[in-house]
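For reference, the structure is listed below as structure tokens.
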Amino acid sequence: MSAVQSPTAFGPSQALDDATIRARTDAYFNRTRDIVTRFGDRRVTYALFVRRPVLSATRLMTEWLDNVARERGISLTHEVMFAEGAWVGAGEPLVYITGSFAALADLETLLLQKLGPPCVAALNAYQMAMALPKVRFLAMEARHCAGFEMQEQMAYAASIGSLAARSEGALGFVGGANDATAGFFGQSAGLGTMPHALIGYAGSTLRAAEMFHEAFPESDLVVLTDYFGHEVTDGLAVCRAFPELAAAGRLAVRLDTHGGRFLEGLDPQKSYAALERNTPGTIRRYRSETELRNLVGTGVSAAAIWRMREVLDEAGFPKVRIIVSSGFNVEKCLAMADAHAPIDVVGTGSFIPDRWSETYATADIVSYDGEPRVKVGREFLLRRAGDRAAAGT
């Protein structure tokens, strides 16, 4: 599995000076560094792990560590135990880091910040892509992130999850929504066409489409259709205004209907009927209220997607694509797969972990000067570290 390239020279991989590291790490690590410096340094090995199953997404962390080592002029080694995108069981060590205790003690907090979240998000992205293997995904995490460092971690994670899914035949994530992280997906620029704000500015969905096409005639035209609550009416109006783009497969409607209402023309009964016409039996297999809402509820449901496909085909626009967004997490993707929803692209940032506590990574020192030693209860971390110590490395 080939590695992706970091598109930036800043963010998680940028080395920080000692004063900044000291300010951002936990105080007890700073005090430990001071004590070790005073009483004598030792060569230690850390084992880093996450308590839940994840995909290996360690490169941003190890790149940052290498950069800090260069800035500090220290020698250290790190052994990554799993290839990027590989499945890692709960508690399995992801990385072993060996070097000066004095030089590594104050790095633990920042290393853990850069390990757990990408590994969990990568697994989520992988599961979403595998749920809908014939659908392309667009990473739209930026607006949900607490600053660029988190954004870069999440985009990186989506690319790693996608690499894993593509190795199993899925299409996966094909790009991101902005230029800064496009390189993770092999792109030179972000993907996307228009926000709701442009439609409000234009005064109509059709006029926004006309403006976009006039400004960017070489780009495919993707039009949001829910601004005025007329997904069907406005979608068809745009198709009729651009028949050549529609016939060439260069036009798409994006459904982003919010959860407070149904797609134009639908209600509960008509939503059930839309599924029965197109995927008989699906509605009888639902297992939870959330799944039922994803199938026939308000917002971008499976029934809404099927209804949009019906009206496009009936109007003579079978090559117009359907792009969907709004809360597409793992569970919603699985519901769409069960309903065989005719989706071409999913725009989502919902691979960001729902429960941040699941992303907490942990580090333990497992050897001092080559002698295996770890706190009681973490002996499972000694396996590989002990092998390495016995070999004298």
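Between region 255-271 and region 151-172, what is the separation of their alpha carbon centroids in Å?
Using only Cα atoms to place each centre, the spacing works out to 31 Å.
Taking the Cβ-Cβ separation of ASN30 and SER188 as r and a Förster radius of 25 Å, what is the calculated FRET efficiency to the nearest 0.05?
0.05
Using the Karplus equation 6.51 cos²θ - 1.76 cosθ + 1.60 (θ = phi - 60°), what ³J(HN,Hα) coupling, rounded to whole Hz, does each residue of region 18-33 give in order, writing x for Gly and Pro?
Result, ordered by residue: 4, 5, 5, 4, 4, 6, 9, 8, 6, 4, 5, 6, 4, 5, 4, 4 Hz.
Could you tell me the relative contact order of the chain? Use alpha-carbon pairs under 8 Å, at least six residues apart, and round to a whole percent. Let's see the in-between values first.
Values: 757 pairs, mean separation 76.2, N = 393.
The normalised contact order for the chain reaches 19 percent.
Grab the other residues whose beta carbon is less than 14 angstrom from that of GLN151, score K and R as +1, D and E as -1, and report the net.
Net charge around GLN151: -2.
TYR360 to ARG240: extension gain in nm, 0.36 nm per residue of separation minus the Cα-Cα distance? Mind dumping the intermediate values first?
Details: separation 120, 0.36 × 120 = 43.20 nm, distance 5.13 nm.
Once the chain is fully extended between TYR360 and ARG240, it gains 38.1 nm.
Once amide H atoms are placed 1.01 Å from N in the peptide plane, what residues at a sequence separation of 5 or more from PHE173, or on another chain, have their amide H within under 5 Å of its amide H?
Counting only residues 5 or more places away or on other chains, the set is PHE137, SER162.
Could you do me a favour and compute the accessible area per residue for the chain, 1.4 Å probe, result in Å²?
On the way: 17250 Å² over 393 residues.
On a per-residue basis, the chain sits at 44 Å².
Can you count the Lys pairs in the chain whose Cα atoms are under 26 Å apart, with each pair 8 or more apart or on different chains?
Within the chain, the lysine pair count is 6.
Between ALA215 and HIS340, how high is the FRET efficiency from 1/(1 + (r/R0)^6) when r is the Cβ-Cβ distance and R₀ = 41 Å? Nearest 0.05.
Details: r = 36 Å, r/R0 = 0.89.
Approximately 0.65, to the nearest 0.05.
³J(HN,Hα) across region 217-227 via Karplus (A = 6.51, B = -1.76, C = 1.60, θ = phi - 60°), whole Hz, x for Gly/Pro?
x, 7, 8, 5, 9, 10, 10, 5, 10, 9, 4
I'm spelling it out carefully: the read-out is Kirkwood radius over Cα pairs in Å, the candidates are (i) 23.1; (ii) 20.9; (iii) 22.3, and one was derived from this structure. Which label?
(i)
From a point 7 Å beyond the Cα of ALA315 in the direction of its Cβ, which residues of region 197-219 have a backbone N at a distance under 16 Å?
Residues passing the 16 Å test: 204-210.
Stretched out fully, how many nm does the piece from GLU63 to GLN14 gain, at 0.36 nm a residue minus the Cα gap?
Full extension from GLU63 to GLN14 adds 16.8 nm.
Would you mind calculating the gained length between SER75 and LYS375 on full extension (0.36 nm times residue separation, minus the Cα-Cα distance), in nm to one decimal?
105.4 nm
Convert each backbone phi in region 250-255 into a coupling constant with the Karplus relation 6.51 cos²θ - 1.76 cosθ + 1.60 (shift: θ = phi - 60°), then list the ³J(HN,Hα) values in order as whole Hz, x for Gly and Pro.
Computed from phi, the couplings for region 250-255 are 9, 10, 9, 9, 10, 8 Hz.
Under 5 Å between amide hydrogens, which residues at least 5 positions from ARG51 or on another chain qualify, with H placed 1.01 Å from N in the peptide plane?
Placed amide hydrogens put GLY91 under 5 Å from ARG51.
Given a 1.4 Å probe and every protein chain left where it sits, what share in percent of the accessible area of region 235-305 is carbon and sulfur?
So the carbon and sulfur contribution to the accessible surface is 53 percent.
The values are calculated or read from the model by the stated rules, or taken from the named source; none is laboratory data. Remember, predicted model here, so these are calculated numbers, not experimental data. We place every Cβ from the backbone using ideal geometry, glycine too, and count neighbours over all the protein chains shown. When the accessible area is computed, the model is the full protein with side chains, heavy atoms only, and any ligands, DNA or RNA have been set aside. Shrake-Rupley method; radii C 1.70, N 1.55, O 1.52, S 1.80 Å.
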